[in-house]
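Student: Let me give you the structure first, and then I'll get to my questions.
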Amino acid sequence: MGTGSSGSAARRSRPDGPRVHVLRVGHRAGRDPRLTTHLALVARAFGAERMYLHPPDPQIAAGLAGVVERWGGPFEVVPAPSWRAVLAGAGAPVVHLTMYGEPLARLLPRLRRAPQLLLVVGGAKVPAALYGAATYNVAVGSQPHSEVAALAVTLRELRGLPGSRPFPGARQRIVPQARGKKVRLVGRSPT
């Protein structure tokens, strides 16, 4: 996964990797809202355009719509009553992030060449059929770990680190600093 400093620098400044959509399979309303929200926040921050949520959860979608309204960016949470229908309509390679898959480092060159990808992250019980339906079953590491970590690492490798510039349409932005917290309303002085 790691590369020399020139490769890392190129990825950091490269916002043009494949277009990415994310599918969250197995969300349990009432039990997984924090984890699923974190998946959506990582997906948005690292450049994914959309997250399909199976089964749908209007509260998660509304919360993320508020984040996009304040912080900008082209991101939406789309209800997905059927994960199979999302896979069938993907029109792109389906990359199932699972600790049981092939090593990410081995597949990265192929994934980076794709114009678009659908990254799939499962919940507590991943349907067995998903392993067969995916184009690739990909492991960030072959140890138990969070799906949030797997998504963040994969997106970082595909699209680079998020920059400090505000997303298009942002009404507020973080002002980077060594200590404290500062948020600036776009077009206004720091608060």
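Student: Could you grab me the full set of residues in region 140-173 that are of a type in the set (A, V, I, L, M, F, W, C), at pLDDT below 90 and touching a strand residue (DSSP E or B) at 6+ places or on another chain (Cβ under 7 Å)?
Tutor: none
Student: Looking at E69, E49, E76, which is the one that is surrounded by fewer than 20 Cβ atoms within 10 Å (Cβ to Cβ) and either under 14 Å from L118 (Cα atoms) or without any contact (Cβ under 8 Å) to a residue 24 or more places away in the chain (or both)?
Tutor: E49
Student: Just to be sure I understand, how many residues within region 82-131 are assigned to a loop (DSSP other than H, G, I, E, B) and not hydroxyl-bearing (S, T, Y)?
Tutor: 13
Student: Among the listed residues V120, V138, identify the single one that is without any contact (Cβ under 8 Å) to a residue 60 or more places away in the chain, of a type in the set (V, I, T) and surrounded by 12 or more Cβ atoms within 10 Å (Cβ to Cβ).
Tutor: Matching residue, one of V120, V138: V138.
Student: Among the residues of region 138-190, count how many are under 20 Å from V68 (Cα atoms) and β-branched (V, I, T).
Tutor: 5
The values are calculated or read from the model by the stated rules, or taken from the named source; none is laboratory data. Just so you know, these numbers come straight off a predicted model, no measurement behind them. Cβ coordinates were reconstructed from backbone atoms using ideal geometry, including for glycine residues, and neighbour counts include every protein chain displayed.
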